[in-house]
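Only one structure is covered here, and it is reproduced in the block below.
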Amino acid sequence: MNRGIPPFYEPGLEDLVREMVEKGMLSGSTDNVDAVRQSYVTFICVGTPSLPDGSADLSAIEASTRDVGMALNDVDGYHVVVAKSTIPPGTTENLILTTLEKYSGKRVGVDFGLCMNPEFLRQGEAVHDSLNPDRIVIGEYDKKSGDVVEYTYKDYDCPKMRCDIKAAELIKYAANSLLATKITFANEFSRICEKFDVDVYEVMKGVGLDFRINPRFLNAGCGFGGSCFPKDVNAIVALADCIGVETPLLDSVLYTNKLQPMHFVELIKDAVGTLDGKIVAFLGLSFKPNTDDTRATRALPIIKKLYDEGAKVKAYDPKATKNFERMTDLPVEYYENWEEALRNADLAVVQSDWKEIRDIEADDFKRLLKNPIVVDGRRTYEPNVMISKGVKYFGIGWNNLEI
Ligand code: UDX
């Protein structure tokens, strides 16, 4: 980081990090204690991945809070600790607060402040979302802590909502659960639309024009992946189960999300008759475009099922190949450009709609594939263009599109 190089791919981040490092406004340190001593506000932003039962693993929160607590021991003035990580309700007050007090020997509300400030950025759009948030939620232990955090964000022109710490923790889970539910709703409708020869994207456009609903996150596809939606919906379901609350809606969101990649493989099979012995050019391995992140990518269950059905896969992704290779022993052939992945394959399948993949033209599919068949999990192309140019274009949420 101090050389201006982020450890992962995110559009625009490298330039921003380099600029901030050069201007002396950003520096990295492996000495947590020193970093806390030299600042007024500490954000805890460590990961909270899923444990096998779906609940959130809080070990990184515990370890980093211990370091922050030890550092606070040496801090003279008032310091505010802010939990940024996605954590189950109660974690800030029950785990972070008590750990800070234990290791610092100081008292919350007197010597240091405490807030919970959830993060809503999307990967692939992280720089834009961080600089232009829709809202900033500040869960505060007391008014003084909240004032410090609000001041930290003084240059951001967006609604700033102050609330109780547990409400802030839950706002993050509720927001991600609702977004995952919206996508799942569109996915469920995609299977209904296919049976009626109706285009789900047209249906969701008509639905989304209602200002009470809005069109975003109604794009049907082969399911949601990534480091947040699957993890956070699983975590809130596991937590609700522990406290005796039933979650039939969120249970079926998770169930439908497992179903959708399998349904996608059925569509692929329908497009070619049988997958046995077929060579599939697979476009997009990351869980979405503009990221090299492959956590919970739908590419994995889809590719596994393609091999179960006797197919072979030639894969292309602009950035995520290395991360995907680590996730599976399947004999996938990886290519650095889409032309080689498409060459002599029986058909092409799209799993994430990177710009490089969106820019592939109907003539490219016709020139390179054995048969010009494209099965799309994301509605990457304009159907009229593909079909009028002789590509057999199928996908989630439509069937026999008229042109
Ligand atoms: C998400 C939330 O959007 C963000 O607010 C939170 O901070 C972290 O989790 P992220 O996981 O980075 O962000 O990406 P997002 O754009 O939300 O996409 C998640 C998954 O949903 C992807 O697999 C994407 O392909 C899928 N998706 C998204 C759809 O299938 N349809 C849509 O309409 C939108």
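A Cβ distance below 8 Å, combined with a sequence gap of six or more or placement on separate chains, defines the contacts here; from region 13-37, residues that are surrounded by 15 or more Cβ atoms within 10 Å (Cβ to Cβ) reach residues that are among the polar types (S, T, N, Q) and not in a loop (DSSP other than H, G, I, E, B) in the pairs ASN32/SER64; ALA35/THR42; VAL36/THR42. For the structure I just gave you, tell me whether VAL137 is in contact with a strand residue (DSSP E or B) (Cβ under 6 Å, 6 or more places away or on another chain) and either within 16 Å of the ligand (Cβ to nearest atom) or part of a loop (DSSP other than H, G, I, E, B) (or both). The answer is yes for VAL137.
Can you go through VAL75, VAL82 and tell me which one is closer than 30 Å to GLU14 by Cβ and over 20 Å from the mean Cα position of the chain (by Cα)? Spell out the reasoning first.
Values: VAL75 fails: closer than 30 Å to GLU14 by Cβ.
From the options VAL75, VAL82, the qualifying one is VAL82.
Can GLU356 be described as closer than 27 Å to LYS195 by Cα, modelled with pLDDT of 95 or more and not aliphatic (A, V, I, L, M)? No: the conditions fail for GLU356.
Of the helices (runs of 4 or more DSSP H) lying entirely inside region 276-359, those containing at least 3 residues that are farther than 24 Å from LYS231 by Cβ, free of Cβ contacts under 8 Å to residues at least 60 places away in the same chain and over 17 Å from the mean Cα position of the chain (by Cα) span 299-308, 338-342.
Scanning region 200-222 for residues that are in a loop (DSSP other than H, G, I, E, B), within 15 Å of the ligand (Cβ to nearest atom) and out of contact with any His (no Cβ under 9 Å at 6 or more places or on another chain) yields ILE213, ASN214, PRO215, ARG216, PHE217, LEU218, ASN219, ALA220, GLY221.
Of ARG212, ARG122, all but one fail to be in contact with a helix residue (DSSP H, G or I) (Cβ under 9 Å, 6 or more places away or on another chain) and surrounded by fewer than 16 Cβ atoms within 10 Å (Cβ to Cβ); the exception is ARG122. Looking only at region 290-319, residues that are basic (Lys, Arg), within 22 Å of ILE360 (Cα to Cα) and within 11 Å of the ligand (Cβ to nearest atom) come to 1 in all. Of all the numbered requirements in (1) in a loop (DSSP other than H, G, I, E, B); (2) of a type in the set (Ser, Thr, Tyr); (3) under 26 Å from LEU300 (Cβ atoms), TYR156 misses one, and that requirement is (3). Listed residues GLY225, GLY244; which is under 25 Å from THR291 (Cα atoms), of a type in the set (Gly, Ala, Ser) and part of a loop (DSSP other than H, G, I, E, B)? Residue meeting the stated conditions: GLY225. Return yes or no: is PHE394 away from the ligand (no atom under 16 Å from the Cβ) and assigned to a strand (DSSP E or B)? Against the criterion (away from the ligand (no atom under 16 Å from the Cβ) and assigned to a strand (DSSP E or B)), PHE394 qualifies.
Considering PHE224, PHE229, PHE189, which residue is touching a residue at least 24 places away in the same chain (Cβ under 8 Å) and closer than 30 Å to TYR141 by Cα?
PHE229
Among the candidates PHE287, PHE264, PHE229, PHE282, which residue alone is more than 13 Å from the ligand (Cβ to nearest atom), crowded, with 23+ Cβ neighbours inside 10 Å and aromatic (Phe, Trp, Tyr)?
Numbers: PHE287 fails: more than 13 Å from the ligand (Cβ to nearest atom); PHE264 fails: more than 13 Å from the ligand (Cβ to nearest atom); PHE229 fails: more than 13 Å from the ligand (Cβ to nearest atom).
Criteria check complete, one pass: PHE282.
Applying the criterion of being farther than 20 Å from ARG298 by Cα and buried (at least 20 other Cβ atoms within 10 Å of the Cβ) to the residues of region 171-193, the residue that is farthest from the ligand (Cβ to nearest atom) is CYS193. Within region 215-262, being charged (D, E, K, R), out of contact with any helix residue (DSSP H, G or I) (no Cβ under 7 Å at 6 or more places or on another chain) and within 19 Å of GLU169 (Cβ to Cβ) holds for LYS231, ASP241.
Return the only residue of THR42, THR48 being in contact with a Pro (Cβ under 9 Å, 6 or more places away or on another chain) and under 18 Å from LEU114 (Cβ atoms).
THR48
Counting only residues that are within 19 Å of LEU259 (Cβ to Cβ), modelled with pLDDT under 95 and of a type in the set (Asp, Glu), region 180-208 holds 1 of them.
Of the residues making up region 140-154, those that are of a type in the set (D, E, K, R) and in contact with a strand residue (DSSP E or B) (Cβ under 9 Å, 6 or more places away or on another chain) are GLU140, ASP142, LYS143, LYS144, ASP147, GLU150.
With respect to (1) touching a strand residue (DSSP E or B) at 6+ places or on another chain (Cβ under 9 Å); (2) in contact (Cβ under 8 Å) with a residue 40 or more places away in the chain; (3) acidic (Asp, Glu), the lone exception for ASP74 is condition (1). When region 211-226 is filtered for residues that are closer than 22 Å to VAL198 by Cα and charged (D, E, K, R), only ARG216 remains.
Looking at region 234-267 only, could you name the residues that are in contact (Cβ under 8 Å) with a residue 60 or more places away in the chain and touching a Leu at 6+ places or on another chain (Cβ under 7 Å)? Within region 234-267, ASN234, ILE236, VAL237 meet the criteria.
The values are calculated or read from the model by the stated rules, or taken from the named source; none is laboratory data. The shown structure was predicted, so the numbers you read here are calculated from the model rather than taken from an experiment. With ideal geometry, Cβ positions are generated from the backbone for all residues, glycine too; neighbour counts draw on all protein chains shown.
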